[in-house]
Structures are given as structure tokens and as C-alpha cells.
1. Among 17, 42, 28, which one shows the biggest mean-square fluctuation in a GNM of the chain, springs joining Cα atoms closer than 10 Å?
2. Express the relative contact order of the chain as a whole percentage, based on alpha carbon pairs under 8 Å and six or more residues apart in sequence.
3. Could you tell me the ratio Rg/Rh of the chain? Both radii from Cα atoms, Rh via Kirkwood.
């Protein structure tokens, strides 16, 4: 059985975030533009940190459990 490889990068492209979260790339851009998930620009490229992704997931879990 193959071990899952852990990605140690700090910043991810919107397409990668979309794949991680199971949402569309357009939704990732919307979340970033609305400030729901913090992002940074590296030149013209949008990037999202692992920390921002993890915080967004935790917030979604809190919202789900509070409902």
C-alpha cells in the first residue's frame, strides 16, 4: 500500500485549492475576492496559504455544527 505524500508547500494555486476542497476554481476565486478565504498575489498570480485553507475548513465545520 502506498503512503500518502504530504505537501509541504505554503502557497497553492486556485486550481489546487479547488481540487483539495472539492469545489470549482470559480468558487475559489469568489471566496478569495469576497475575503472569505484570505489570499495573496505573487505578481499577477493568486495564491492561497495552507493556513488560510485550514482556517476556512474549520470555519465551515463550526457553521455546520452550529446549525
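Each value in this text was obtained by applying a stated rule to the coordinates, not by laboratory testing. Please read all numbers here as calculations on a predicted model, not as lab measurements.
1. With Cα springs under 10 Å in the chain, the top fluctuation among 17, 42, 28 is at 42.
2. On the way: 51 pairs, mean separation 20.5, N = 67.
The value is 31 percent.
3. Values: Rg = 13.0 Å, Rh = 12.8 Å.
Rounded to two decimals, Rg over Rh is 1.01.
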